[in-house]
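What follows is a set of notes on a single structure, which appears directly below.
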Amino acid sequence: PLTIVLKRSAHAKDFVTGGQDTVALRCPSHPLAHELLKRFDAGKGRGLAAPSANTFGKISPTTAQHVRDDLGEKPDGKTDFILDGGECTVGIESTILDLTGETPRILREGDVSGEMISKVIGKPVEHGAVGASPRVSGSMKSHYAPEHVLKIVSADDLPGETQFLARHFKTFSLIAPEKIAKRFSTVAEKVRGYKDAKELQVNLYKWLHELDRDGGDVIFAVEPELTDSSAGVLDRLTRAAAERPNKESK
């Protein structure tokens with residue numbers, strides 16, 4: 001759930017840091033990840049550097065099956081084997097916290113909020129990259145994107161948007177608060193309803209995988225209100241819905 005950016009030492013080589021003078025240290029919470037790191041280290045101070053388990057820019061995986069569907073397993077796929085720790089409980093990538101400057105700064109929102117961090121370290125936390133902030137993963141305008149068009153709409157605009165699609169003989173699927181989801185369940189191809197931002201966060205990527213695979217022509221998403229606890233999922237939703245230049249969508 002947390003990645004901490006620090007100034008690199010001589011132990012962090014360029015292939016880990018991308019040639020930057022900083023290094024990002026990921027702090028997983030899953031016991032399987034802890035055991036993997038423990039066995040790899042074997043008391044010798046060794047670390048593990050690895051890319052994300054998905055094709056660049058696509059929807060992040062939250063189950064082993066998502067990895068299997070995207071990267072595959074050898075001999076036909078790209079991976080030798082997959083360690084399956086069950087479905088992700090956080091749902092989105094880690095909060096990235098930059099501690100290289102005078103002020104702690106969140107470079108990527110996640111489940112660990114600025115308020116939570118501030119309570120632990122006893123000082124305010126700022127948000128967003130500035131100036132010469134380290135380059136970090138997941139910071140592109142368009143990221144985590146499904147193949148189908150994903151469009152964020154307000155509850156007020158949703159009826160008009162769906163009617164426009166119907167006039168053009170196109171179908172849609174929907175991610176929305178439960179009350180709205182129920183109202184549109186008879187006209188949408190697939191509907192996924194959430195009761196709060198936390199439920200949306202935990203299920204967002206799983207739902208995007210499902211709706212991208214067998215939903216309608218367009219995926220509509222009604223976003224929750226912006227709060228400190230919803231910032232991470234809103235960030236992912238916004239990036240997944242961003243316009244993709246030179247990208248043909250289904």
- Note on the structure: Once both label points are put 7 Å beyond Cα along the C-beta direction, the Lys78-Asp14 separation in nm becomes 2.4 nm
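About its Cα centre, how strong a charge dipole does the range 2-127 have in debye, to the nearest 20, once Lys and Arg get +1 and Asp and Glu get -1 at the Cβ? Show your work: numbers first, answer last.
Values: 16 positive and 18 negative charges, 105 e Å.
Here the size comes out at about 500 debye.
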- Taking GluC sites (Glu not before Pro) as exposed when in a DSSP loop with at most 10 other Cβ atoms inside 10 Å, the chain has its longest clean stretch at 103-224
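Give the order of Ser133, Ser173 when sorted by the count of other beta carbons within 10 angstrom, beginning with the fewest. All intermediate terms of the calculation are to be shown ahead of the outcome.
On the way: Ser133 16, Ser173 25.
Ordered by Cβ neighbours within 10 Å, fewest first: Ser133, Ser173.
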- Query: Just one of (i) 1.03; (ii) 1.10; (iii) 1.15 is Cα Rg over 2.2 N^0.38 Å calculated from these coordinates, so which is it?
  - Reply: (ii)
- Query: Taking neighbour Cβ counts within 10 Å as the exposure measure, how do Ser29, Ser60 sort from fewest upward?
  - Reply: Ser29, Ser60
- For Phe172, distant residues with modelled amide H under 5 Å away: Glu189, Asp217, Val218
- Note on the structure: Charge tally for neighbours of Ser185 with beta carbon under 13 Å away, counting Lys, Arg as +1 and Asp, Glu as -1, is +3
- Item | Karplus 3J(HN,Hα) series, Hz, for the range 106-122 with 6.51 cos²θ - 1.76 cosθ + 1.60 (x for Gly, Pro) | 7, 8, 9, 6, x, 5, 7, 7, x, 5, 5, 5, 4, 5, 7, 8, x
- Zero-based 5 Å bins, Cα pair distances in the range 149-241, whole percents: 3, 15, 27, 28, 17, 7, 2, 0
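Report the relative contact order of the range 149-241, percent, no decimals, based on alpha-carbon pairs under 8 angstrom and at least 6 residues apart. Before the final figure, lay out each step's value.
On the way: 130 pairs, mean separation 37.1, N = 93.
That works out to 40 percent.
Order by neighbour count: Ile180, Ile92, fewest other Cβ atoms within 10 Å first, most last.
Ile180, Ile92
Bear in mind these aren't lab numbers, they're just calculated from the coordinates by the rules spelled out. The structure displayed is predicted, hence computed values, not measured ones. Note that we place each Cβ from the backbone using ideal geometry, even for glycine, and neighbour counts take in every protein chain shown.
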